[in-house]
Structure formats: structure tokens, C-alpha cells
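Reading through the C-alpha cells given below for one structure.
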Amino acid sequence: QGTRDHPPAQAALRDRLLSAVVSCFKRHGAAAIDTPVLELRETLMGKYGEDTKLIYELQDQGGELLALRYDLTVPFARYLAMNKITNMKRYHVAKVYRRDNPATSRGRYREFYQCDFDIAGQFDPMIPDAECLKIVHEILSDLQLGDFVIKVNDRRILNGVFAVCGVPENKFIPACSTVDKLDKVPWEEVRSEMVGEKGLSPEAADRIGEYVQLHGGLDLIEQLLQDPKLSQNKLAKEGLEDMKLLFEYLTLFGITGKISFDLSLARGLDYYTGVIFEAVLLHQENEHVEEPVSVGSVAGGGRYDGLVGMFDPKGRKVPCVGVSIGIERIFSILEQRLEASGEKLRTTETQVLVATPQKHLLAARLKLISELWDAGIKAEMLYKKDPKLLKQLQYCEDTGIPLAAIVGEQELADGVVKLRDVATREEVRM
């Protein structure tokens, strides 16, 4: 349950999608790494908040308690600490595993790909963070998925809000994971979970509600910097000043039109320490809707300055910021779109079929196709001694092969090959 086989058409679409994402990562100067699918169980435990229960644990075999990796961020942090690397820009595309209730119609699986880009190292504030947002903007624009918005917030601003609203510090993380549900359920439900399950006072919940329902841009940041309560909180003030800087850089990148500073954005993972962001596709049901409906998150990320230090015996910290592209959800959208359009996707890249019009010419085909392969040309032939020409040309049409190289007795005598354009049926002798 929650896993799938990919037939050739899906595998070809996934390839196309992944290469678009990877070429963006490469354009921004990232190097690829790979890590094992298995990690020590203790490496993963306690890094994911409430989601720790979704980790696939493996039985003890040979004295090690193992688990399947849950994401690509924690293995990256472990990799940096183990190898004492303090500066790196990397990307990693690989499968991760979650013992979740699968909802395959919405692109939720137990085994799925993640595409991550991260910048590790001590740099001036918000420059790498702005680049991560630019990457999300580039990829979503490039894939032409329709309108989208990238929501941005900062864990420090959120923690500051909780503090000034009277939430005890030990309840920050539980409160955070509840606020994170605001994009899916109305404020009333979030409020009752805060009071009922998370044990916050109704007054604190109401005060939080005044903040977390705000969203805007630079104007909102300025407004909150003037807020008498928030501006007194050291954490929130730092977060807001950085957010202001981030917006200045995003303005220079020319992408603020798609960015929304959104105080309800919390992202449920424990390891975020600063800026957090999430890209959401907007779905215009019809022209009369004022507010576009969200289709769901297709990318997310943030800053996690403390994670590497957790794996370092001396606790040395390496600041990091990164982004993960939700390739499965994008894949389901593109798949549905392809089905609706009725367009046939080529599953191979064959450029030419080597064909013969008469019998007893298998040797000529084998010699020619071997020359083509050796020259780096993608070529195929039918695995029959004496196939009919019509059958060979039909195969080209069925699989989308654009050219047929035909060698008959006449061509052999003249030392030429007849090249046929399958679509237009034009022929040239070469």
C-alpha cells in the first residue's frame, strides 16, 4: 500500500520532470551527493516533531537498530557532521519512506521521491535564504503548473507571537504544529485544538488568533515592527528585521509578486530555527471566485541552524538553509494534465529504425545498426529475419520514431541508404 510501479510513460514523464528540477539546481552551483536509504534509528528519532511516529523502523539485525530515511535533510546534516564539512551547496534526489496513511489520489505515498537543495555554511544573513526562494520560483515558473504563491514566515516571529500571547515555552512546539493546520481547517477548529488538546488558555488562543490570521508583504513587516508587544520581544524583532531584509533581496530578484509573508505558516518539523517557506499551487475554480483555492503544497523548506550540531560530538554548529521540491504532487498534476490532453508521451528516444524492404537482408541491417550505435545514434530494428516493410514503418508510427533508414538490394548495390521521414513520407538517398 502506498507504493507504485511506474510504467514507461510515467517513468518518461518523471524523468523529464526531474531533469528540469536538477538543471535548476545545477544552474545555481550545487553538487550532487547520495546517502544510504538506511540510517541508524537514533539518527532520525526526535527530529520531526509529531511526525516521528511515521518513521519506518527496521528490526534489529546484527546489533544495529535501523530505520528507513524519512527525508533528505537529516541525512545531509549527519553527513556534514561526520565528515566535518562546514561549507557546502548540495542537491540530492532520492526516495524517502513514511509510514503514513496513503492518499494516492492526492499524491501521498509511503515511498516517494524528494528533490532537495541546501546551502550549508556561515554567510551574511538572508542571502542564501533568498536564493532558495528564487529557486522555487524558477522551478514552478518553468514547469508551468499555473498560478502559485510562496508563503514565508520565520520560526522566531512565531515563537515571539506565542511568548507575547502568554504561551509557556514548553508548549511552543505543540502550538506550532496546531497553527500549521490553518491552511486546511478554519481558525475555530485550530483554536479548539489549542485549548482542548494542547492545554492553552482560551485568552492565549484568542490573542494568537489576532496574529496568525495576518498575511501581506513589506507593509505588514513594518506594521509588526511597530507593534508595541511584538517589538519588545527580542526573538520576534530579530525575525522581523531579517524578514525585512529578505524582502529587499526578493525585490531585487523581482519575485515579490508571488511571495506572501504569512503568520500562520508554521511547518510541523522541529528542526527549523529561522525563515520557513512553503509554495502552494492556486486553483482558480471559476472566474467568479475572489480568493483562489489552494491545491496543496508543492515545495517547502527553511533554515535549520541547529541540526548539524546535534550530530557533532563537540556540538559544533553549521548553519543551513534548504528547500525540498514536492515532486510527487507535481507529478500527479502533470499526469492528470497529460491524460486530459490526450497527448501521447514518447517512452523511448530512438531516432532511427533500420529497415529492409526485401528478404535475406538481416546482415545488412545488423551491420548498419552497429555503425549507428557506434556513432552514438539511438537506433532500433525489429527482431525478425525478414519483417515486412509495412510492419517496420507501422512500428515507427506506433512508437514515435521519426526516421527510417532503409537498405534494400538497390541501395546496397549503389552503396547508399534511403532515409525516410516517417511523418511526411519524404525520402532522400544518402
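The values are calculated or read from the model by the stated rules, or taken from the named source; none is laboratory data. Since we're looking at a predicted model, the values are computed, not measured. When we count neighbours, we look across all protein chains shown, and the Cβ atoms used for this are built from the backbone with ideal geometry, even at glycine. Accessible surface is based on the protein model in full, side chains and every heavy atom, while ligands, DNA and RNA are left aside. Shrake-Rupley method; radii C 1.70, N 1.55, O 1.52, S 1.80 Å.
A few comments on the model shown:
- Two-decimal Rg/Rh across segment 300-398, once Rg and the Kirkwood Rh are taken from alpha-carbon atoms: 1.38
- Computed over segment 53-120, the convex hull of the alpha-carbon atoms projects to a mean area of 5.9 nm².
- Burial ranking of peptide ranges 198-207, 398-407, 365-374 (average Cβ count within 10 Å, highest at the top): 398-407, 198-207, 365-374
- Principal-axis analysis of the Cα atoms of the chain puts helix 187-196 at an angle of about 60° to the longest axis.
- Pairs over the 21 Å Cα-Cα cut-off, from the set 95/171; 344/388; 134/258; 367/388: 95/171; 344/388.
- Modelled FRET efficiency - R0 51 Å, residue 41 with residue 374, Cβ distances, 0.05 increments: 0.50
- Positive dipole terminus of segment 8-341, leading residue within 304, 17, 120 (C-beta point charges): 120
- Solvent-accessible area per residue, Å², over the chain with all protein chains present [probe radius 1.4 Å]: 51 Å²
- Segment 352-429: C-alpha gyration tensor shape, a/c 1.5 cut-off, then a/b vs b/c: rounded
- For the peptides 68-80, 117-129, 15-27, 340-352, the ranking by mean Cβ contacts within 10 Å, running from highest to lowest, is 68-80, 117-129, 15-27, 340-352.
- Gyration tensor (alpha-carbon) shape descriptor, segment 8-341, a/c threshold 1.5: rounded
- When the charge dipole of the chain is built from unit charges on Cβ atoms (+1 for Lys and Arg, -1 for Asp and Glu) and taken about the Cα centre, the candidate among 395, 325, 7 whose Cα reaches farthest toward its positive end is 395.
- Sites residue 383 and residue 100 - FRET efficiency at Förster radius 41 Å, r taken between beta-carbons, to 0.05: 0.40
- With θ taken as phi - 60° and the Karplus curve 6.51 cos²θ - 1.76 cosθ + 1.60 applied, the whole-hertz 3J(HN,Hα) list for segment 137-143 is 4, 4, 5, 5, 5, 4, 7 Hz, x standing for glycine and proline.
- Value of [θ]222 nm, deg cm²/dmol, for the chain, DSSP H segments ≥ 4, -39500 (n - 2.57) each, nearest 500: -12000 deg cm²/dmol
- Backbone N under 14 Å from the residue 251 label point (7 Å along Cα→Cβ), restricted to segment 199-232: 217-223
- Report note on the peptides 332-338, 232-238: ranked by the mean count of other C-beta atoms within 10 Å, highest first, their order is 232-238, 332-338.
- Label sites at residue 282 and residue 85, each approximated as a point 7 angstrom past Cα along Cα to Cβ, lie 3.8 nm apart.
- Between residue 65 and residue 218, the FRET efficiency estimated from the beta carbon spacing at R0 = 41 angstrom works out to 0.25.
- Carbon + sulfur, % of accessible area of the chain - ligands and nucleic acids excluded, 1.4 Å: 51 percent
- Estimated inter-spin distance, residue 226 and residue 398, nm [label 7 Å along Cα→Cβ]: 7.2 nm
- Within segment 16-157: Cβ-based charge dipole about Cα centre, in debye rounded to nearest 20 (Lys, Arg +1; Asp, Glu -1): 160 debye
- Other-chain or far-sequence residues with amide H under 5 Å of residue 282's (modelled H): 147, 148, 149, 295
- P(r) histogram, all alpha-carbon pairs of segment 100-145 included - 5 Å bins from 0, percent: 5, 15, 17, 16, 17, 16, 9, 5, 1
- Loop-located GluC sites (Glu not before Pro) in segment 14-104 (DSSP state other than H, G, I, E, B) with a sparse environment of at most 15 neighbouring Cβ atoms within 10 Å are absent.
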